Structures are given as C-alpha cells and as structure tokens.
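Report on the structure given below.
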Amino acid sequence: MVGGALRAGVDEIALTEHAHNFVQCRDIYPSDNDWVHGRDREGRRSWDLDAYLRLVEAARAEGIRVKVALEWDYCPGYEAQLERWVRAYPWDLVLGGVHWLRGRNGGWWGFDIPEQREDWEHRPVDEVYAEYFRLLAEAASTGLFDVLAHPDVVKVFGHRPRRDPQEWYEQAAEAMARAGVCAEVNTAGWRKPAGELYPGQRFLEVLHRRGVPIVISSDAHWAEHVGFRFADAEQAAWAAGYRTRCVFEGRRRTEVPLPPPL
C-alpha cells in the first residue's frame with residue numbers, strides 16, 4: 001500500500017484495515033453475526049492486531065507519512081466494547097462505518113458484501129435506505145468516530161430508492177455536524193456498480209451546507225487503487241462548496257486547502 005501511494009504521488013496514507021479481520025476486535029460484533037464470527041474457517045482472515053500495528057510502524061520507515069487506524073463497524077448495543085478499543089491504542093484517526101443491518105431471518109446482513117448481494121432481491125429498497133441512514137446518524141451521535149466512511153455506501157450495488165433521499169441526507173448531515181464528525185469522500189464508488197462517488201454530489205452539497213468537514217480517500221483494497229481519482233474527488237468537493245479537506249494525526253484534525261479546478 002505504501003508502495004502504491006509512492007507510485008501515485010500521494011504524500012500521506014492512512015492504513016484503515018477492517019476491524020473484523022482481527023481476532024481481538026470481534027467482540028464489537030453481535031454473537032449472531034455468522035459472517036464475522038465464522039471467519040476462522042479456511043480462507044477467512046484471522047489476523048493479530050499487534051502484528052498489524054508493528055507492520056504499520058515498519059511502513060513508516062518507507063519514506064512517506066503513514067497514519068495508523070482501523071475501520072470500525074458501528075453495531076448498536078456494542079458501543080462500550082468499541083469505546084474500549086478506541087481508547088486502547090494511539091490511533092491517528094477513528095474511522096467508523098455502517099455495514100450491517102438485521103437479517104430477514106435473524107442474524108445480520110452485510111448489504112455491501114458481494115457474497116450476500118442476492119439478499120437485495122428480497123428487500124424493499126426504501127426500507128433498506130431508511131434503516132441505513134438511521135444507523136449512520138446514530139453512529140455519528142455516539143461521538144466515538146472522527147470520520148464516517150463512505151456515507152452513502154448503501155447504493156453500492158446500484159439499488160436506488162423510489163423515495164426522494166433528501167430527508168435522509170439532511171438527517172445524517174445534521175447528526176454529523178452536531179457531533180463534529182468528518183465525512184469521507186470516497187472514490188471507491190467509481191469502481192463499484194453504483195458508478196459514483198460516495199457521497200454522491202447531492203449528498204455532498206448537503207454535507208457542505210450543514211458544515212460537515214471532509215477527508216478524501218480511495219478506500220484501496222489493492223495497492224493499485226491508492227490515490228484512485230483523487231483529482232476528480234477534489235473537483236467534486238470544490239463544486240459542492242468545499243475549499244479545504246482534513247488530515248489527522250493523533251486524532252487531531254487539521255484542514256488543508258483543496259486545489260482549485262484546473
């Protein structure tokens with residue numbers, strides 16, 4: 001990932017591996033989340049958090065500013081467990097996301113996981129959106145997170161609600177502004193069936209109007225995606241009214257100027 005950043009001309013990278021990949025962090029998930037707690041099976045990741053943190057320290061010697069973080073899942077009722085992990089290490093930022101909704105027959109549904117994608121065919125899309133944005137606002141209101149990841153990732157597979165989403169955007173943006181949480185402007189949506197930035201332009205404009213600051217991220221799961229379409233994301237943010245983006249160190253936020261469009 002650091003090599004990918006150097007090749008892309010990125011001068012700083014935050015490593016934000018998913019918390020569910022680490023054995024130690026699985027206590028932030030409900031016990032009936034079979035996808036997370038069944039990850040000891042062959043082919044699943046069962047990594048050690050301390051080894052990850054040592055690897056990040058080693059990466060800092062590779063000639064670029066490396067920030068240490070995880071992407072934490074917000075699961076209602078597990079705030080105390082999450083807070084314990086948030087306080088346990090000197091993170092540079094705490095990135096939070098909503099990825100799980102209640103399953104139709106119990107358990108939990110990972111609505112953005114390709115192997116669980118077919119469940120969308122059995123769900124009223126408007127209800128999924130309503131529940132997603134309700135949880136996003138809840139996540140912001142916990143005060144546990146510095147940044148909320150891909151704040152409209154619910155559209156990942158291209159499903160769009162019949163209802164006008166403006167009210168959901170306003171509610172989420174209001175909660176984020178009240179909590180002082182940044183929104184992640186995430187270019188991965190351009191690599192997905194959704195085919196657009198997370199958040200989309202209309203939501204991004206609502207976030208700006210509500211005074212929600214932003215970070216810009218490529219959400220790279222592969223080294224070649226580091227820095228993916230950053231210039232396009234900067235232009236989208238500028239068009240929405242933003243003139244700065246944020247960077248973090250030791251959970252302290254600093255605003256840096258956005259470059260004006262060419």
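Observations on the structure shown:
- Cα shape, the range 18-133, gyration tensor, a/c 1.5 rule: prolate
- Largest-first principal axis extents, alpha carbons of the range 185-249, Å: 33, 31, 15
- q = 0.18, 0.28, 0.31 Å⁻¹, the range 148-196: log10 I(q)/I(0) [Debye, one scatterer per Cα]: -0.63, -1.09, -1.14
- Across the range 73-149, the volume of the C-alpha convex hull divided among the residues equals 103 Å³ per residue.
- Across the range 175-216, the volume of the C-alpha convex hull divided among the residues equals 59 Å³ per residue.
- Scattering profile of the range 110-262 at q = 0.09 Å⁻¹ [log10 I(q)/I(0), Debye over alpha-carbon scatterers]: -0.27
- Formal net charge of residues neighbouring Leu101 (Cβ-Cβ distance under 12 Å; K, R +1; D, E -1): -1
- Residues with amide H under 5 Å from that of Ala14, placed H, sequence gap 5 or more: Lys67
- Here the range 80-158 and the range 8-61 have alpha carbon centers that stand 17 Å from each other.
- Our helix-only sum for the chain, with -39,500 (n - 2.57) per DSSP H run of n ≥ 4 divided by its residues, gives a mean residue ellipticity at 222 nm of -9500 deg cm²/dmol.
- Taking every DSSP bridge with both residues inside the range 2-257, close to 35 percent are antiparallel.
- Footprinting exposure proxy ranking of Asp112, Asp73, fewest other C-beta atoms within 10 angstrom first, gives Asp112, Asp73.
Every read-out reported here was derived from the displayed coordinates using simple, explicitly stated rules and does not represent laboratory data. Treat the numbers as computed from the prediction; the structure is a model and nothing was measured. Neighbour counts run over all protein chains shown; Cβ positions are idealised from the backbone, glycine included.
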